[in-house]
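Below you'll find the structure, written out as structure tokens, and then a few comments.
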Amino acid sequence: MKRCVVLLGIFLPLVASAQKVPGKHQQDLLGKGHVHAGVSVGQGYKGSQSTTTVYSPKIQYFLASGWSVALEGRSLKSNSFYTFTYLGAGLSTRYYFLRGSRFALFAKIGATYGQSKYDKYDPVDPASSRNGIRTNSWQTNAGLGAHYRLGKRWSLEATAERSWLQSSYLTPDYNRWQANVGINYLLK
């Protein structure tokens, strides 16, 4: 019991400081009613190899201090033997926690709806690769990220997320881990 009390005495101040009110400057970027425009670029990984390139522009609105929703676009292109592309738009939400004067961590979830195209080369029918297999599908993602305030209006972010894309017997499995780096600008 004594060890539990000692551990509680050591870790309680750390937990309490993580919950304190953030600095005013970070509040200027992550406060209620603010609108950000940004773009992220990244790579998707399955195993140890980079398999996809991801571009994602967004408009982000803060519903409350530290909580936002965003209208997001997604463009994904494979770097594998067969060409695979996905183009879609959707919504995501973020919650910023552990906010300091310049640094904050966030968790995000989102979903986009769009069209995927898979160009599979068929040696019997070479014309099949020009048309490709097109399907409409959902892509969902969830991840964690870090936000760093550069100045009054600019911020950098880095995210690590897992994305899931519907597949069928005609298209390959493109569920991936993604690492993204982005920049944001405070519009309002």
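The values are calculated or read from the model by the stated rules, or taken from the named source; none is laboratory data. Note that the structure is predicted; figures quoted are calculated from it, not measured. Neighbour counts run over all protein chains shown; Cβ positions are idealised from the backbone, glycine included. Note: accessible area is taken over every heavy atom of the protein model, side chains too, but ligands, DNA and RNA are not part of it. Shrake-Rupley method; radii C 1.70, N 1.55, O 1.52, S 1.80 Å.
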For T51 paired with Y185, estimate the spin-label separation in nm (one decimal), with each label point 7 Å from Cα along the Cα-to-Cβ line.
3.5
If you roll a 1.4 angstrom probe over the protein chains with everything in place, what fraction of the accessible area of the range 28-117 belongs to carbon and sulfur, to the nearest %?
66
Per the rule of 0.36 nm per residue minus the C-alpha distance, extending L71 to Q166 adds in nm 32.1 nm
Listed residue pairs exceeding 32 Å between alpha carbons, taken from K108/K188; K46/K152; K77/K108; K108/K152; K46/K108:
K46/K152
